[in-house]
1. Of the conditions (1) at pLDDT 95 or above; (2) surrounded by fewer than 18 Cβ atoms within 10 Å (Cβ to Cβ); (3) within 30 Å of SER429 (Cα to Cα); (4) not polar (S, T, N, Q), LEU515 fails just one. Which one is it?
2. Of the residues that sit in region 416-426 and are touching a residue at least 12 places away in the same chain (Cβ under 8 Å) and more than 20 Å from LEU225 (Cα to Cα), which one is surrounded by the most Cβ atoms within 10 Å (Cβ to Cβ)?
3. Hey, can you tell me all the residues within region 429-462 that are in contact with a His (Cβ under 9 Å, 6 or more places away or on another chain) and aliphatic (A, V, I, L, M)?
4. Any chance region 733-740 includes a residue that's within 38 Å of the chain's Cα centre (by Cα) and farther than 22 Å from ARG656 by Cβ?
5. Does VAL246 satisfy being under 21 Å from ILE453 (Cβ atoms), without any contact (Cβ under 8 Å) to a residue 12 or more places away in the chain, assigned to a helix (DSSP H, G or I) and of a type outside the set (Ser, Thr, Tyr)?
6. Within region 208-216, is there a residue that is basic (Lys, Arg), within 16 Å of the chain's Cα centre (by Cα), on the phi < 0 side of the Ramachandran plot and at pLDDT below 95?
7. What is the number of the single condition among (1) touching a Ser or Thr at 6+ places or on another chain (Cβ under 9 Å); (2) surrounded by fewer than 19 Cβ atoms within 10 Å (Cβ to Cβ); (3) among the aliphatic types (A, V, I, L, M); (4) within 18 Å of ALA471 (Cβ to Cβ) that ILE435 does not meet?
8. Tell me which residues, restricted to region 193-206, are modelled with pLDDT of 90 or more and either of a type in the set (S, T, N, Q) or closer than 17 Å to ASN322 by Cβ (or both).
Amino acid sequence: MAKKKISSGQPGALQARSVSGVRPKPFAATPTPALFAGMGPTDSMSPALRDDVAGGRWVAGILSFMMLVVPAIGVPDELLLQDTLKSMVASFAVLGAALLFFWLQRRRIEALRWHVLMWLPLSLMFYALGSMAWSHAYLGGVEAIRWFIFSLLLWLGMNTLTRERLPGLAWGIHVGAMLASVWTALQFWIDFRYFPQGPNPASTFVNRNFFAEYVVCTLPFSVWLLAQSRNAKLIAFLALSLSLNVVALLMTGTRSALAAMWLLLFVVFPLLGFAYRRQLAFSSWDMPRRVAAAGIMLIAVIGLGLIPTDNPKIAAELRGENALERGILRSFSVLTDRDEFSTGSLSIRLTLWKATGRMIGDRPLSGVGAGAWEVYAPLYQTAGSQIETDYYAHNEILQLLAEYGLIGWGFVLCLAAYLASAAWATLKSSTTESIAQAPLRAMALSSLLALLIVSNAGFPWRLASTGLIFAICLSILAASDTRLSLRKRWTATELRWTPQRSHALVLSTSLLIVLATHISWQAVQCERKIVRAVQLALAISQSGDPNNPGWDRSKLEMMDLIQEGIAINPHYRKLTPMVADELAHWGDWKNAILVWESMVASRPYVVAILSNVGRGYAQLGDAGKVREYLVRARRIQPAAIPVRSLEVLFLSRTGRGELAARLVKQYLAEGSYDYDMVNTSWLLGLRSGDYDLAIRGLELRNEKWPARKVDGLLKLGNLYANQIKDDSKALASYQAALAAASPDMKVAVRQQIPPAFLARL
């Protein structure tokens, strides 16, 4: 390429440079595509802010590819959680894009872009780093990393996402959503099981709510691509793929995402389409194109939406046999389901929100520390309402205020002020440039609107795919502010740049990639070990004979795996306690306590785990330890069922069986019991001769915990045979136990039936 120079006679004149140091033609001289005619920089804008950066298209290409890949890929086994994979891919993509960006700017002396929005995630990152000193260090560190990646993506986007590159980004988002929707449809229609997950259909995500919250945020990008397309084949493809995304969202039945979808489809998109009809290509479509687009979408949504599910798990929920029925029923379930506010998922969220409100009121300025909501939430739940299986408040705004205090308030208020200002600036566009950019800004604002709606009932900011969309949308608005010369002190400004800064950041980013590689490897190893240990524990329990010597080698392997996993990450609360629970069911209380206490060190206020440790020490005969954990649990939630259960057990083991029996009868009558309490009631009744209490405990256990029904029926048969001396009822119990046993368990069950009764079966 021949050398070209820009006159340096004017202050601040730029010299665009290639990687090799040869100066190409200035970017300002590049012909502007017709789609963006009239949207070029103005003379009032600093050249440093209007000029493109070296290699920006490569960085933007990486970001676009990232937005396609992250939602589309998943893990085919359970040894790594889906969002762990997505988070790793997103982090490496952002860090890799940053390394390339800094390397390509190693000779740059002109300023880059900066925006006031950058201070919002950075303030949360700095708070998270500080909270590591006085709150939960591990969770604070996780939050700091999350907001760092968010900030880096926001800054890269505002410096590389030019108008010409936004269609490529939109295509990456749309295709990623389409591929994820294909997996969802296959799970719904044919019970496709390649990606293990929780509630179906969840595509490549762990939970269907996560997929729904993601895909609804992509709809504005898909609609924008459709509205600005002119090619008939492209219009048909976009109409069909957009319809598939809508149908996939209906399949999930996620109400917050459905509410956001209805708002977008029937209010936001029609208004924006009318307002910006002159800037978008759809207004110039001929009649065949309009009929084709509308017809394809109508036929696809209805046709695909009426295909019934062949997934037994979805059918068993009785929430609709097809996508249309499911989406409509779930959309209105809040109004039609009377139990939703008392026993449904909304009642659980209300409990969490109330506890979070009390947390905010207790520490409005300092907060409880970044990521520490799950640590302190048990302290703020009302008596008898403990919910300890959730790790987030299911409301991003409330959780942010509870964890970050005054900094969180500043983030929420400043973000709301900026978005309101950006929306107003978009609506009142009057210049040629601002009018031309309005549809792009409206696309980003619409996606953020959907994100904020689902953020009130979930935690999409903490998930890889939706977190990326959050940062990308803000970067689109920030870059647009710069192009429109909205250069106020509180919006777009310059960031001074030097080659030395590029060199330092290349080195720093390289080190961060090495660190990210180490963290990712540790995360993979930790999850693999813990998940494998859980799988072994469940397999041993499901055998029906967990104490068979044939399982000894598997038990040793399981304990090695869980201890190695805990050594890597002692704060992994989601799966680790499952191993301890199974150990307790086998009677291996010593090892169960070992695992539970590792969790107590990280989450000291979880009443269920404290009670489990106390119960374990009761089985080992350590009354002092039982009292210690009973006092700790009672201080947090005195009326919690696990605490009452531990109290009954403690009394029965310390010679106060009469008081324990009186309390357990009261709790059973109130319906305030758990597995351990009904089990204790059986033992109390057996020891004291109160066989009615023993029978009541076993019958409740069989009814409420069917997985233990076979064992309960065998115990009931032994009670009738040995203590009550009622052969007919004993025989009936043994027959029921044999009938309830699975084929592979029948031999083990027969071995536990007394020969005199076995001969009569």
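The values are calculated or read from the model by the stated rules, or taken from the named source; none is laboratory data. On a predicted model such as this, the values are computed, not experimentally measured, just so you know. Every residue, glycine among them, receives a Cβ derived from its backbone with ideal geometry; neighbour counts consider all protein chains shown.
1. If we test LEU515 against (1) at pLDDT 95 or above; (2) surrounded by fewer than 18 Cβ atoms within 10 Å (Cβ to Cβ); (3) within 30 Å of SER429 (Cα to Cα); (4) not polar (S, T, N, Q), just (3) comes out false.
2. Going through the qualifying residues, I end up with ALA422.
3. Listed by number, the list holds a single entry, ALA457.
4. yes
5. Judged against the criteria, VAL246 is not a match.
6. yes
7. For ILE435, the failing item is (4).
8. Within region 193-206, PRO201, SER203, THR204 meet the criteria.
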